Amino acid sequence: MSSDQIQKDLENLRAAVPELKGVLLASTEGKPIAHCLGQDDDPERIAVLAAAASSLGRRVSDSLSVGALNEISLSGAEGQVFLYNAGGKAILAVIGPTGANTGLIHLEARWAAREIGERFA
């Protein structure tokens, strides 16, 4: 898959949900693949954190026998972070503000993660 296509997918996701603060695709090893982030955001740091959270989520899913991990949602006082499995080889991290339309975020991000994951296969 070309990095141009991945970048376009992330830009389309960001355009579909304009309130998003940022979008990043990371490898499961914690390396940034592509991103649409603000100037002050560190893609390396976000990628590592997304991979670590995803790894822990997979361990929890396995331990509790709930099946393969699809996504993780985190809510904080000043924002939200959603992590989506993108084909088992990548993680889509979506950062939004508090009070964001989570239904729209999930709808668009799940589709994007599925599309990106299928291209990786």
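Points worth noting:
- Looking only at residues in the range 32-60 that are of a type outside the set (Asp, Glu), touching a strand residue (DSSP E or B) at 6+ places or on another chain (Cβ under 7 Å) and in a loop (DSSP other than H, G, I, E, B), the one that is surrounded by the most Cβ atoms within 10 Å (Cβ to Cβ) is Leu37.
- Members of the range 14-31 found to be within 16 Å of Ala90 (Cα to Cα) and either in contact with a Cys (Cβ under 6 Å, 6 or more places away or on another chain) or crowded, with 20+ Cβ neighbours inside 10 Å (or both), listed by number: Val23, Leu24, Leu25, Ala26
- Within the range 70-99, considering residues that are in contact with a strand residue (DSSP E or B) (Cβ under 6 Å, 6 or more places away or on another chain) and part of a loop (DSSP other than H, G, I, E, B), the one surrounded by the most Cβ atoms within 10 Å (Cβ to Cβ): Asn70
Every number here is computed from the coordinates shown, using simple stated rules; none is lab data. Everything numeric in this text was worked out from a predicted model, so none of it was measured. As a convention, Cβ positions derive from the backbone with ideal geometry for all residues, glycine included, and neighbour counts pool all protein chains shown.
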